[in-house]
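*Asks:* I'd like to ask you about the structure that follows.
The values are calculated or read from the model by the stated rules, or taken from the named source; none is laboratory data. Just so you know, these numbers come straight off a predicted model, no measurement behind them. Every residue, glycine as well, gets a Cβ built from its backbone with ideal geometry; the counts of neighbours run over all protein chains shown.
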Amino acid sequence: MSNVTEVLRANLTAVTRRIHAACIRSGRPVDSVRLVAVTKMANVVWIRELVALGQTDLAENRPQQLLDRAAQLEGSIVWHQIGTLQRNKIRKVLPVADWIHSVDSLALLSDIDRIAGELNLRPNLLLQVNVSGEASKQGFEPELLFEQSDRLTAFAHVSIRGLMTMAPLVDDPESVRHVFRALREFRDRLVERSHRRLELDELSMGMSGDYEVAIEEGATMVRIGSAIFEGVN
Ligand SMILES: *Cc1c(COP(=O)(O)O)cnc(C)c1O
């Protein structure tokens, strides 16, 4: 067994324990959080080992890299597109990615819906919301999305499953707790406004530095890269 396997196994075990502990602290079932491994910094050999260890939810930031990796890896992998999806990449990405976390405009949503219809697919989508208000971050501006949310129920070929956000990178995760809480509260307002026609059960929030706080605030998916691959070489 290689060093790669041993380090990955130890990292995966440590992350999983911390996810479970955060669930228990917040009175949630330990299986209420899906660990999505972000593989953008990993090579294919490492990813193959990770899949062999049972980690089958994988995410890529760049659509082209997702397509390249998906073509090289076998097994029942669930792929998540988590970074900007250019409109000219939709047709290639939809047959491969089960989840798209980075839907950041109604124009993109509308294109995804149309192409999903043509391909006879029904992708799982998350709307990326810029709750922190950082100018550098992608995503819907919350109040604009709220005003236009009637339009979200008009798309027939997609499942809008929830919301995604990225918190500012900070040293102390407590200092971004309010961002995660704001996403959850915003989700609750959207669901209420839609008279529950929108469900939005999923909240994709939390990365290596802040996932425990995100879980305490209701994350159902955490996107973790460096904590899984650290020390692997
Ligand atoms: C890279 C990336 C992550 C994972 O970041 P880590 O800090 O390495 O865990 C999560 N989400 C998105 C959108 C990313 O691009």
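*Asks:* Does V93 qualify as being within 27 Å of E174 (Cβ to Cβ) and either of a type in the set (D, E) or more than 15 Å from the chain's Cα centre (by Cα) (or both)?
*Replies:* no
*Asks:* Quick check on my filter: what residues within segment 180-220 are in contact with a Lys or Arg (Cβ under 7 Å, 6 or more places away or on another chain), closer than 15 Å to I160 by Cα and outside any loop (DSSP other than H, G, I, E, B)?
*Replies:* E202, L203, S204
*Asks:* Let me ask something else. How many of the residues making up segment 43-69 are touching a residue at least 24 places away in the same chain (Cβ under 8 Å), assigned to a loop (DSSP other than H, G, I, E, B) and within 14 Å of the ligand (Cβ to nearest atom)?
*Replies:* 1
*Asks:* Quick one: in segment 139-156, of everything that is of a type in the set (G, A, S) and part of a helix (DSSP H, G or I), which residue is surrounded by the fewest Cβ atoms within 10 Å (Cβ to Cβ)?
*Replies:* Checked segment 139-156; the qualifying residue surrounded by the fewest Cβ atoms within 10 Å (Cβ to Cβ) is A154.
*Asks:* Could you say which residue among S159, S204, S208 is within 12 Å of the ligand (Cβ to nearest atom), under 18 Å from the mean Cα position of the chain (by Cα) and surrounded by fewer than 19 Cβ atoms within 10 Å (Cβ to Cβ)?
*Replies:* S208
*Asks:* Still on this structure, please answer the following. Applying the selection to segment 81-112, what residues are more than 16 Å from the ligand (Cβ to nearest atom), surrounded by 20 or more Cβ atoms within 10 Å (Cβ to Cβ) and either among the polar types (S, T, N, Q) or not in a helix (DSSP H, G or I) (or both)?
*Replies:* L94
*Asks:* Sticking with this one: Answer with yes or no whether E199 is away from the ligand (no atom under 16 Å from the Cβ), modelled with pLDDT under 95 and either aromatic (F, W, Y) or under 19 Å from the mean Cα position of the chain (by Cα) (or both).
*Replies:* So E199 passes the test.
*Asks:* Okay, next question. Output the qualifying pairs, or none if there are none: Cβ atoms under 9 angstrom, residues six or more apart or on different chains, first residue in segment 175-191 and among the small types (G, A, S), second residue part of a helix (DSSP H, G or I).
*Replies:* Matching pairs, first to second residue: A182/P142.
*Asks:* As an exercise: evaluate K40 against (1) more than 13 Å from the ligand (Cβ to nearest atom); (2) among the basic types (K, R); (3) within 19 Å of the chain's Cα centre (by Cα) and give the number of the one condition it does not meet.
*Replies:* Only one criterion is unmet by K40, namely (1).
*Asks:* Right, something else. Any residue at all in segment 76-84 that's at pLDDT below 95 and either under 19 Å from the mean Cα position of the chain (by Cα) or more than 21 Å from L198 (Cβ to Cβ) (or both)?
*Replies:* Yes, segment 76-84 contains at least one residue that is at pLDDT below 95 and either under 19 Å from the mean Cα position of the chain (by Cα) or more than 21 Å from L198 (Cβ to Cβ) (or both).
*Asks:* Can you confirm whether A59 is closer than 20 Å to V15 by Cβ and more than 15 Å from the chain's Cα centre (by Cα)?
*Replies:* Here the answer is no, as A59 does not meet what is asked.
*Asks:* Can you name the number of the only condition in (1) more than 19 Å from G133 (Cα to Cα); (2) assigned to a loop (DSSP other than H, G, I, E, B); (3) not basic (K, R) that L169 fails?
*Replies:* If we test L169 against (1) more than 19 Å from G133 (Cα to Cα); (2) assigned to a loop (DSSP other than H, G, I, E, B); (3) not basic (K, R), just (1) comes out false.
*Asks:* Is at least one residue of segment 71-80 touching a Phe, Trp or Tyr at 6+ places or on another chain (Cβ under 9 Å), assigned to a loop (DSSP other than H, G, I, E, B) and of a type outside the set (G, A, S)?
*Replies:* Checked against the condition, which is being touching a Phe, Trp or Tyr at 6+ places or on another chain (Cβ under 9 Å), assigned to a loop (DSSP other than H, G, I, E, B) and of a type outside the set (G, A, S), segment 71-80 yields no hits at all.
*Asks:* Only one of R17, R9 is over 21 Å from G162 (Cβ atoms) and either within 16 Å of the ligand (Cβ to nearest atom) or loosely packed, with under 14 Cβ neighbours inside 10 Å (or both); which?
*Replies:* None of the other options fit; the residue is R17.
*Asks:* Could you pull out the residue among R187, R177 that is closer than 19 Å to A21 by Cβ and either surrounded by fewer than 21 Cβ atoms within 10 Å (Cβ to Cβ) or more than 9 Å from the ligand (Cβ to nearest atom) (or both)?
*Replies:* R177
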